[in-house]
Amino acid sequence: MKLRAAALLVLAGLGLRLWWSMETEAPLGGPAAEVVVPPGASTQGIAERLMAAGLIKRPWAFALLVRMRGDGGRMKAGRYRFEGPYSLLDIEQKIVEGDVERREITFPEGRNMFDMAEIAARAGLSGSGFLTAAKDPGIIADLDPEARTLEGYLFPETYDLKDGAGEAALIAEMVKSSRGVFADLGLTAEGRTIEGQALTLRQIVTLASIVELETAAPEERPRIAGVFLNRLRIGMRLQTDPTVIYALKLDGRYNGNIRKVDLSDESPYNTYRFAGLPPGPIGSPGRSALNAVLQPEKTEDLYFVSRNDGTHVFSKRLSDHERAVDEFQRRRSLKAAKPAASPPAPSR
């Protein structure tokens, strides 16, 4: 009798083990589904969400598996997507490992915080919330105590939008990226002496933001930086269109065109009216533009004009520049099918 009872117990144990193996490792069918695990969710709460999504049939089995594996405190919040056959063990491990769905948001180089807010809104965030967070300079005060916003310090690259993360968290991540790039480039709050001119970090970022917007050809950036540094050295106005556009955006008056009257705007960002750098960055420069300012091309050029193909003609003398302007501006005018909506802004 004892042997029979022992045998029955062994068989029962083997049967239970076989059943549990099938319960936890057998593939579960069903359509693809998404489940959001909120921060602080209990094991039972997660199990109920999984059952509601049609991923599991018995919440208690999931809870028992979590307990047996000692994973109760390791479940990670986030949005999870399940496609194809998943076993109960696969589902549990996916949540323990934090294999969450990721959304990406990309900010191209040169965009200002208003453009970035629109990009954020298209990604499902609040554009106004993004701008509110971007107008809090506290997290950059140690590097730029003069900052009134985070303009220029929201590094342009691709970011993961973690489920539930808001605009402030994204802004903090963008500033963190800028700090990392500054550290890589050896930039501190004291800035750098470049071509004999002492520039603060703020001034370097400001100049890089202008260089970023002045050419679509990366190889031209060091030369354009050299031109602007030459102008700063002799007190010559920078006369760069992107600063006028930024001034108009700040005032809510930019409609896609620069009019002649805009070149006389009283904004301190208007480099056609005021010499020197504008008060701050006009967008977020990428690493290449920052490098161009830190390592500008040595040149005697003071002028450049667009060839209308993304590149520029550079000149040392005003007379040469005027000939280039006449050639390329006239060529553009002849190719135009009809008069432009507004006269072109003067070339640099």
Exercise for review: Name the residue, out of 129, 98, 70, 110, that is at positive phi, under 16 Å from the mean Cα position of the chain (by Cα) and not polar (S, T, N, Q).
Suggested key: 110
Check your understanding: Only one of (1) surrounded by 11 or more Cβ atoms within 10 Å (Cβ to Cβ); (2) modelled with pLDDT of 85 or more; (3) of a type outside the set (A, V, I, L, M) fails for residue 20. Which number is that?
Key -> (2)
Revision key, fill the gap. Inside region 166-198, the number of residues satisfying the requirement of being more than 21 Å from the chain's Cα centre (by Cα) and touching a residue at least 24 places away in the same chain (Cβ under 8 Å) is 7
Check your understanding: Among 320, 309, which is the only one that is on the phi < 0 side of the Ramachandran plot, assigned to a loop (DSSP other than H, G, I, E, B) and free of Cβ contacts under 8 Å to residues at least 60 places away in the same chain?
Key -> 309
Point to revise | Residues located in region 254-301, provided they are in a loop (DSSP other than H, G, I, E, B) and of a type in the set (D, E, K, R) | key: 259, 265, 266, 273, 297, 298, 300, 301
**Study point:** In region 100-113, the residues that are touching a strand residue (DSSP E or B) at 6+ places or on another chain (Cβ under 7 Å) and assigned to a loop (DSSP other than H, G, I, E, B)
**Key:** 100, 101, 102
**Study point:** Top-ranked residue in region 174-214 [being out of contact with any Gly (no Cβ under 7 Å at 6 or more places or on another chain) and polar (S, T, N, Q); ranked as surrounded by the most Cβ atoms within 10 Å (Cβ to Cβ)]
**Key:** 178
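The values are calculated or read from the model by the stated rules, or taken from the named source; none is laboratory data. Being a predicted model, the structure only gives us computed values, none of them experimental. All Cβ positions, glycine included, derive from the backbone under ideal geometry; neighbour counts span all protein chains shown.
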